[in-house]
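Asks: Structure below; questions to follow.
The values are calculated or read from the model by the stated rules, or taken from the named source; none is laboratory data. Everything quoted here is computed from the prediction, not taken from an experiment. No Cβ is skipped: glycine too gets one built from the backbone with ideal geometry, and neighbour counts run over all protein chains shown. Just so you know, the surface numbers come from the protein's heavy atoms only, side chains and all, with ligands and any DNA or RNA stripped out. Shrake-Rupley method; radii C 1.70, N 1.55, O 1.52, S 1.80 Å.
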Amino acid sequence: MKINSGFDRFGFIFAGSGFVDPLMACCGFGGRPNNYDRKATCGQPGSTICRDVTKAVVWDGVHYTEAANRFVVDAILSNRYTYPKISLNRFW
């Protein structure tokens, strides 16, 4: 499974899993709906950072947060969202 397809598939689950504004960049410029402007990116004057990065899916409009990556990996490794169910035991 490609990781991007994993995020696409789990996108509808993020909002119900403690994440806030799953499409809004935690660090960026422009406010709602995405807090992203490719001409004024994270770290540039005027950019803002969310209060709690653990509740954000997108860090800077391009990269996912560690919390989002962890959510997807946990979901894949637990077999909650995989079909058919796969055994990962053979890999370790």
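Asks: Test Val20 against the criterion of being at pLDDT below 90 and either in contact with a strand residue (DSSP E or B) (Cβ under 8 Å, 6 or more places away or on another chain) or hydrophobic (A, V, I, L, M, F, W, C) (or both), and give yes or no.
Replies: It is true that Val20 is at pLDDT below 90 and either in contact with a strand residue (DSSP E or B) (Cβ under 8 Å, 6 or more places away or on another chain) or hydrophobic (A, V, I, L, M, F, W, C) (or both).
Asks: All but one of (1) out of contact with any Cys (no Cβ under 8 Å at 6 or more places or on another chain); (2) open to solvent by 40 Å² or more (accessible area, probe 1.4 Å); (3) in a loop (DSSP other than H, G, I, E, B) hold for Gly31; state the number of the condition that does not hold.
Replies: If we test Gly31 against (1) out of contact with any Cys (no Cβ under 8 Å at 6 or more places or on another chain); (2) open to solvent by 40 Å² or more (accessible area, probe 1.4 Å); (3) in a loop (DSSP other than H, G, I, E, B), just (2) comes out false.
Asks: Mind checking which residues of the range 36-61 are in a loop (DSSP other than H, G, I, E, B), at negative phi and surrounded by 14 or more Cβ atoms within 10 Å (Cβ to Cβ)?
Replies: Tyr36, Asp37, Ala40, Thr41, Cys42, Ser47, Cys50, Ala56, Val57, Trp59, Asp60, listed by residue number.
Asks: Looking only at residues that are more than 29 Å from Arg32 (Cβ to Cβ) and without any contact (Cβ under 8 Å) to a residue 60 or more places away in the chain in the range 62-81, which one is least open to solvent (accessible area, probe 1.4 Å)?
Replies: Looking only at the range 62-81, we keep the residues that are more than 29 Å from Arg32 (Cβ to Cβ), and these are 76-80.
Filter once more, so that each one left must be without any contact (Cβ under 8 Å) to a residue 60 or more places away in the chain: 77-80.
Numbers: Leu77: 90, Ser78: 60, Asn79: 33, Arg80: 132 Å².
Per the criteria, the residue is Asn79.
Asks: Also, I was wondering about something else. Hey, can you tell me all the residues within the range 57-87 that are of a type in the set (S, T, N, Q) and over 8 Å from the mean Cα position of the chain (by Cα)?
Replies: Ser78, Asn79, Thr82, Ser87
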